[in-house]
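Each remark here refers to the structure printed beneath this line.
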Amino acid sequence: MIGIGDLRLDMNLPIKFDGDEPEYVAALDKLEGLARKYNKPLVGFAFPEMTDFFEDRVRRNYQLLMVAADSYTMTYGLAMAGGSSRARVAEIQATMAKEKEEAAQQANGHNGHQSNGISSKVEKGESEPEVVAVKA
């Protein structure tokens, strides 16, 4: 298994997921060449969200990609769970607001429709409005 961070640390290079330093590229090429020469599987880290890096490892014929690590999984997993949870809470709150509005309309006798005192049959043009005399 090629631990990218470990390799970079051993070479006194700054930790990052990849690099283009000539000595780093040469070391990676050498390790991958040895794996092929001795028919050993190429194994390493490549998180799917890192699209270019992930594709590079697939194109380099890595047979096993570690797509998560302990701290990465905790951080990314929590971020994903938080994001989907926030979206679900917003969805539920919108439904609750709609239900509250419908309940208020029903309590006011609107039955979910705006009313101006004329029955819904009149609003739909199904009958003439009834005239009622009101004494003041």
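The values are calculated or read from the model by the stated rules, or taken from the named source; none is laboratory data. Model, not experiment: these values are computed from the prediction. Please note: Cβ atoms are built from the backbone with ideal geometry, for glycine as well, and neighbour counts cover all protein chains shown. Note: accessible area is taken over every heavy atom of the protein model, side chains too, but ligands, DNA and RNA are not part of it. Shrake-Rupley method; radii C 1.70, N 1.55, O 1.52, S 1.80 Å.
Values as computed for the structure displayed
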| read-out | value |
| --- | --- |
| Subset of the range 66-100 [open to solvent by less than 60 Å² (accessible area, probe 1.4 Å), under 28 Å from Val43 (Cβ atoms) and either among the hydroxyl-bearing types (Ser, Thr, Tyr) or modelled with pLDDT of 85 or more (or both)] | Tyr72 |
| Residues located in the range 1-24, provided they are basic (Lys, Arg) and more than 21 Å from Pro41 (Cα to Cα) | Lys16 |
| Candidate set from the range 1-12 (those that are aliphatic (A, V, I, L, M) and within 33 Å of the chain's Cα centre (by Cα)); member that is most open to solvent (accessible area, probe 1.4 Å) | Met1 |
| Of residues in the range 21-39 being without any contact (Cβ under 8 Å) to a residue 12 or more places away in the chain and hydrophobic (A, V, I, L, M, F, W, C), the one most open to solvent (accessible area, probe 1.4 Å) | Leu34 |
| Flag if Gln63 is over 18 Å from the mean Cα position of the chain (by Cα), surrounded by 10 or more Cβ atoms within 10 Å (Cβ to Cβ) and free of Cβ contacts under 8 Å to residues at least 12 places away in the same chain | no |
| The lone exception for Gly109 - which of (1) at negative phi; (2) assigned to a loop (DSSP other than H, G, I, E, B); (3) loosely packed, with under 11 Cβ neighbours inside 10 Å it fails | (1) |
